[in-house]
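J.: Okay, handing you the structure first.
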Amino acid sequence: MSWVSLLLTEWSSMAPSLLLFVMVSRDVGLRLGLEGVQTSMCSRWGSRVEEFNQGQDGDVVIGGLFNLHYQPPVIDQEFIKPPFYNPCTGLQVETLKAAYAMVFAVEEINRNPLILPGVKLNYRILDDCSLHPWVLHGAFSLVGGERESWGPSVPLIIGGASSTTAIILSRTLASLSVPVISYLASCPCLSDRHRFPNFFRTIPSDVYQAKTMARLAILFNWTWIGAVIENNDYGRLAIQAFQEEIKGSGVCLAFLEAVSRETIEEDAKRAATTVQHSTARVILIFCWYTDVRELFLQLAKRNVTDRQFLASEAWSTSSDLLQNVAILNVASEKDSSPRDNSSTCSSPYNITHKELLEHLNKVNFTTPNGEEFFFQGADIPAAYDLVNWKTSPDGSLKLVLIGRVDGLELHLNQTSIQWTTGSSQVPISVCGKSCPPGTRRANRKGEPVCCFDCIPCTDGEVSNETGSHQCRRCAVEFWSNPGNTACIPRKVDFLSFNETMGIILTTGAVSGVVVTTAVFVIFLCYHNTPVVRANNSELSFLLLLSLKLCFLCALVFIGRPSVWSCRLQQAAFGISFVLCVSCLQVKTIVVLAAFRSAQPGAGGLMKWFGPGQQRGSVCFFTSIQVIICTIWLSLSPPIPHRDLGFQGSKVNLECAMSSVVGFAVVLGYIGFLACLCLLLAFLARKLPDNFNEAKFITFSMLIFCAVWVAFIPAYISSPGKYSVAVEIFAILASSYGLLLCIFAPKCFIILLRPERNTKKQLMGR
């Protein structure tokens, strides 16, 4: 059975105060209420308020002021004027049960001689019809007493079914020190003892209820919640407490609709439309049950069924709503059943309002179930039952206890909850779905923080949690995995023999070695022919050897860099190319000297350029480069280095130039010899000879210089292993240019035009 708690009080001038809770079962309240419905009368505006029930005479009379009826919506304001309008029409069953519970409690006290021996209680219950002017009229009727047929005055009033009504009663009766005890007013504002010194209530403040609802929203990850509130202090202060509790928790209000009892039909239509079109699947409602009933009727007309409702105590246990709603999640006031402490009033007939107020402030007793009851100012210790509206096998709805709240301590059995989905799966109510790992939340412009899009983390950043607000950048030696969910060690990257680029460059270098070797063999086989002898065969063989070294040094740049490979790369490159260019330079000088010696007076010129001088010149030019490389590699050699500055999943392992000056001097010396050789070859290009080698040297030097001039910007702008590939390409291109320009014409004559391989042909103009 469902129980209704009601507060009664007894009087004592000297003895301790006594506060008594009496529980009445739901079926008793309904039976009494239905019997009394037809006898309850309503009066027109301005007349006295009819009593709910004419009680018997008693020593002390307790006042009750209940809103047994409510004012229906009015379209034409003219009809509210008397005598055309009777506002008392709609019966409120829940309030009716509370009124009969009071009647039942008084009768039980009178039957038990141990509670108030020698004292008979009576009651006077009036209907305020949910109209504020009638509340004032009824309060003065009860407190004033002995006027016309109003009967004796009452020392306190049980009433204030709404927070607004309780505020009116407390403020009106505070100057008279008349206590007002409410069983349903839960507005946090009523806890202010300075503003409401005569107010008490047997229901906790909405602050606790709102905080509990906020904790439920956070617990179930409902970050997008709609709210419908009563347009009064009860609703406004409750939602204010809820909003304060959810600050910083990621929970947002999708909408906030306020409804008023005077315009409930229009307000309910508007609120239902908002609920229908909102993406929020969980709706918080702080309203009186009759207003909630109108809202649900409008939702039913719109066929809105896939919503989960968080209900306040004002309608969570309404039997009327149980017949209209499928499944609701509700939070209701926890029943209290206080136990009588025996205390007898010494003089209940002469107790003053002020004395009674003092006794109420000192109330303290233990209920039969072991709970201590006392007032903390106007409030009682917060205690709630959490109930779930479940569908029974016969299709009816019943309230099932699923947890409790003691103060701020929440106890909840989640496995026993029946959701609107009909399963144990918690409904989802979010504006934006939780961002999976690998993404981050990006708030939508102009929308609440709960509305966001999921943006993938950029490369090098990760998020390994659901709903991350930011992506975390990986450490320098790590990089993000393909899903951007974890940082993994960056792979070491270098120009290897196994990759496509390495294979192509290796093939080019090996092919150059093979071709150079083939030319060497041809020249060796035809070393006595005029073509070979006329071009200084010794320097030609030395040039072929240096070209082979140039092709081979390209292979040193491929593979995993090590300490020795880094040193060998630049040394082999610098020395091989200086040897090659030195041979060409000496050949050019010899050509110039040979033709100049044929002129009159220059016969002794060739003695300075004999074979010994030629070899010495090549060794001299080459030894300078050897010295430069030795000093460079001794002081600041290239070393293997992990280039962490390059953003990517790989770490470039390369030979870092510890001294750029050393590398620049090596390249500068090669460039100096190449330019000098180009100049000399250019001067000798028009010498009278059918086979003037100076022309070919000129072309080869032009190609050589063009390649290395283009190499410098390409090398600087290429990242990682691509800079190594650029250097290898420059080595191969310049080597092939020298090989083809110098030796291709000679091989053509030797192999394909042997008739031209004569001294006469070579010396002819």
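J.: Find the accessible area per residue for the stretch 527-583; the probe is 1.4 Å, ligands and nucleic acids are left out, and the unit is Å².
T.: Numbers: 1970 Å² over 57 residues.
Accessible area per residue, the stretch 527-583: 35 Å².
J.: Quick one: with all protein chains in place, what share of the accessible area of the stretch 194-268 is carbon or sulfur, to the nearest percent (1.4 Å probe)?
T.: Values: 1260 of 2680 Å².
Accessible surface attributable to carbon and sulfur in the stretch 194-268 totals 47 percent.
J.: Pull up the cross-link candidates among the lysines for Lys269, meaning alpha carbon to alpha carbon under 22 Å and not fewer than 8 places away within one chain.
T.: Cα-Cα hits under 22 Å: Lys301.
J.: Ranked highest first by average number of other Cβ atoms within 10 Å, how do 706-718, 380-392 line up?
T.: Highest mean packing first, the order is 380-392, 706-718.
J.: Additional query: Taking Cα centroids, how far is the stretch 202-264 from the stretch 736-752 in Å?
T.: 93
J.: With θ taken as phi - 60° and the coefficients 6.51, -1.76 and 1.60, list the Karplus ³J(HN,Hα) couplings across the stretch 208-217 in order, rounded to whole Hz; mark glycine and proline as x.
T.: 5, 5, 5, 5, 5, 5, 5, 5, 5, 4
J.: Based on the mean of other Cβ atoms within 10 Å per residue, sort peptides 749-760, 556-567 so the most packed one is first.
T.: Details: 749-760: 13.4, 556-567: 17.5.
Put in order of decreasing packing, that is 556-567, 749-760.
J.: Something else now. Any lysines with Cα under 20 Å of the Lys760 Cα? List them, leaving off those in the same chain fewer than 8 positions away.
T.: Excluding near neighbours in sequence, the set is Lys686, Lys695, Lys746.
J.: If you don't mind, another one. If you roll a 1.4 Å probe over the heavy atoms of the protein chains, what accessible area per residue do you get for the stretch 226-275, in Å²? Before the final figure, lay out each step's value.
T.: On the way: 2010 Å² over 50 residues.
It amounts to 40 Å² per residue over the stretch 226-275.
J.: Follow-up question, since we're still on this one. Taking H placed 1.01 Å from N in the peptide plane, check which residues at least 5 places from Ile428 or on another chain put their amide H under 5 Å from its amide H.
T.: Counting only residues 5 or more places away or on other chains, the set is empty.
J.: Expressed as a whole percentage, what fraction of the accessible surface of the stretch 613-659 belongs to carbon and sulfur atoms when a 1.4 Å probe is rolled over the protein heavy atoms?
T.: 65
J.: Accessible area of the stretch 352-484 with a 1.4 Å probe: how many percent of it is carbon plus sulfur?
T.: 50
J.: Could you provide, to the nearest whole Å², the per residue accessible area of the stretch 405-446 with probe 1.4 Å? Don't skip to the answer; put the middle values down first.
T.: Numbers: 2490 Å² over 42 residues.
That works out to 59 Å² for each residue.
The values are calculated or read from the model by the stated rules, or taken from the named source; none is laboratory data. Everything quoted here is computed from the prediction, not taken from an experiment. Neighbour counts are summed over all protein chains in view; Cβ atoms, including those assigned to glycine, are modelled from backbone coordinates with ideal geometry. To get the accessible areas, we keep the full protein, side chains included, count just its heavy atoms, and leave off ligands, DNA and RNA. Shrake-Rupley method; radii C 1.70, N 1.55, O 1.52, S 1.80 Å.
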